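The values are calculated or read from the model by the stated rules, or taken from the named source; none is laboratory data. These numbers were taken from a predicted model, which means no experiment stands behind them. Cβ placement follows ideal geometry from the backbone for every residue including glycine, while neighbour counts extend to all protein chains displayed. Side chains included, ligands, DNA and RNA excluded: accessible areas come from the protein's heavy atoms. Shrake-Rupley method; radii C 1.70, N 1.55, O 1.52, S 1.80 Å.
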Amino acid sequence: MMEVPRYRPCASAIFAELGDGTGVILDLQTKAYFTLNCTGVFVWKTIAASPADARELAEKLAGEFAVEPHHAVGDIEALLRRLGDESLVEPAGE
């Protein structure tokens, strides 16, 4: 059985939550920034507190937002892929 990756923020990524519930991540290496909506902020703060995989994140997201976990998993996987492509998250070596 293949192990499901758990993600955490990269050390070079700095996060700031804005007053409207959205957020921005600044990559200190590239000086590029990435914006997050409210659910993206929730995902970021969750993996910053403790590495998690997409299914765990979907379960936690469903507890905070009006979404079913099975509907959220695909969107969370896409977000984690995009953040990984931007070198903002990495697999947690647990």
Carbon plus sulfur fraction of accessible area for the range 1-80, probe 1.4 Å, in percent: 57
Separation in nanometres of the label points that stand 7 Å from Cα toward Cβ, at GLU90 and SER50: 2.2
Selected from ALA13, ALA54, ALA66 as most flexible by GNM, with the chain as the system and alpha-carbon contacts under 10 Å: ALA66
Fluctuation leader among LEU61, LEU26, LEU18 - the chain, Gaussian network, Cα springs under 10 angstrom: LEU18
Three-way shape label, the range 1-53, alpha-carbon gyration tensor, a/c 1.5: oblate
Amide H within-cut-off set for ARG8, under 5 Å, with H built and near neighbours excluded: GLU90, ALA92
Positive minus negative residues near ALA58 (Lys, Arg vs Asp, Glu; Cβ under 14 Å): -4
Backbone N under 15 Å from the CYS38 label point (7 Å along Cα→Cβ), restricted to the range 7-22: 18-22
LYS31, LYS60, ranked by accessible area, largest first (probe 1.4 Å): LYS31, LYS60
Environment charge at ILE76 (Cβ cut-off 12 Å; Lys +1, Arg +1, Asp -1, Glu -1): -1
Amide N proximity, the range 31-54 versus VAL4 label position 7 Å along Cα-to-Cβ, cut-off under 11 Å: 52-54
For the range 1-92, accessible area per residue (1.4 Å probe, heavy atoms of protein chains only), Å²: 61
Prolate/oblate/rounded label for the chain (Cα gyration tensor, a/c 1.5): oblate
